[in-house]
Amino acid sequence: MAAIKVHGTPFSTASARVLATLYEKEVEFEFVPVDMKAGEHKKESFLSINPFGQVPGFEHGDLKLFESRAITKYVANEYAEKGTDLVCGDSKKKAIIGLWMEVEAHQFDPVTSKLTWELAVKPMYGMATDKAVVEENEAKLAKVLDVYESRLAKSKYLGCESFTLVDLHHLPNIHYLMGTEIKKLFDSRPHVSAWIADITARPAWSKVLAMQKQQ
């Protein structure tokens, strides 16, 4: 099989999702750093992989993919027999996993991405945080986490009783927000807090964080 190449930066939440999946599946890959400050993601060579000029880009032989969640699904299915089973169960269980993956993409991610930008990324670049945006999205996140708290009171993980892509997809934004004032929203919900402690302690995620430190 042709080697896998991941083009991106481990600081990108989308790239981190893909890297965590590859580590969970114990699949070897080549990481190709993309210097976003130098605008490498807007150059023709990268646009041939991702025409939207956003990381990550993914290559497996003649297959080229972009959009992190599409890539993680491909890896989880292509290497179903390797590493962690990230898409567990029969068709009904897979439907529930699919449902919670949609929740992450459409309810959790838009809100937490805005909060990550305002509270974690902007301060890194000396930019001012927009407090109105933070307040608005903090209120929205609280409602989402109330739903999560209820779900996690009944199930150890969001998708089923074992760790799947659903939980993994949450990791990058959670990682950034646990270093901000938003941490209180997670900590104040005991089932959410226990879930975060569990998923953030996974060895595969530690390897992604180690990549960030090396960059």
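What are the residues in region 19-62 that are among the β-branched types (Val, Ile, Thr), in contact with a helix residue (DSSP H, G or I) (Cβ under 6 Å, 6 or more places away or on another chain) and closer than 14 Å to Ala76 by Cα, if any?
Answer for region 19-62, where residues must be among the β-branched types (Val, Ile, Thr), in contact with a helix residue (DSSP H, G or I) (Cβ under 6 Å, 6 or more places away or on another chain) and closer than 14 Å to Ala76 by Cα: just Thr21.
Can you tell me which residue in region 155-182 is surrounded by the fewest Cβ atoms within 10 Å (Cβ to Cβ), limited to those that are closer than 24 Å to Val18 by Cα and without any contact (Cβ under 8 Å) to a residue 24 or more places away in the chain?
Once the filter is applied, the top-ranked residue is Glu161.
Residues being assigned to a helix (DSSP H, G or I) and either touching a residue at least 12 places away in the same chain (Cβ under 8 Å) or over 18 Å from Asn173 (Cα atoms) (or both): count how many of those fall in region 71-102.
19
Would you please list the contacts, defined by Cβ atoms under 6 Å and residues six or more apart or on different chains, that run from a residue in region 16-42 that is hydroxyl-bearing (Ser, Thr, Tyr) to a residue that is surrounded by fewer than 18 Cβ atoms within 10 Å (Cβ to Cβ) and not in a loop (DSSP other than H, G, I, E, B)?
Cβ pairs passing all conditions: Tyr23/Lys207.
Which number in (1) surrounded by fewer than 17 Cβ atoms within 10 Å (Cβ to Cβ); (2) charged (D, E, K, R); (3) in a helix (DSSP H, G or I) marks the one condition that Arg17 misses?
The single condition Arg17 does not satisfy is (1).
Can you give me the number of residues within region 122-140 that are without any contact (Cβ under 8 Å) to a residue 12 or more places away in the chain, part of a helix (DSSP H, G or I) and not basic (Lys, Arg)?
Total satisfying the criteria: 6.
Quick check on my filter: what residues within region 63-114 are touching a Gly at 6+ places or on another chain (Cβ under 6 Å), in the same structural domain as Leu145 (by TED's automatic domain parsing) and under 22 Å from Ser12 (Cβ atoms)?
none
Matching residues to (1) surrounded by 15 or more Cβ atoms within 10 Å (Cβ to Cβ); (2) hydroxyl-bearing (Ser, Thr, Tyr):
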| residue | (1), (2) |
| --- | --- |
| Ser91 | no, yes |
| Trp100 | yes, no |
| Glu104 | yes, no |
| Pro110 | no, no |
| Ser113 | yes, yes |
| Trp117 | yes, no |
| Pro123 | no, no |
| Ala128 | no, no |
| Glu135 | no, no |
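Does region 135-143 contain any residue that is farther than 20 Å from Ser12 by Cα and under 15 Å from the mean Cα position of the chain (by Cα)?
no
The values are calculated or read from the model by the stated rules, or taken from the named source; none is laboratory data. Since the structure is predicted, the reported quantities are computational estimates derived from the model, not experimental observations. Positions of Cβ are generated from backbone atoms using ideal geometry, with glycine treated the same way; all protein chains shown enter the neighbour counts.
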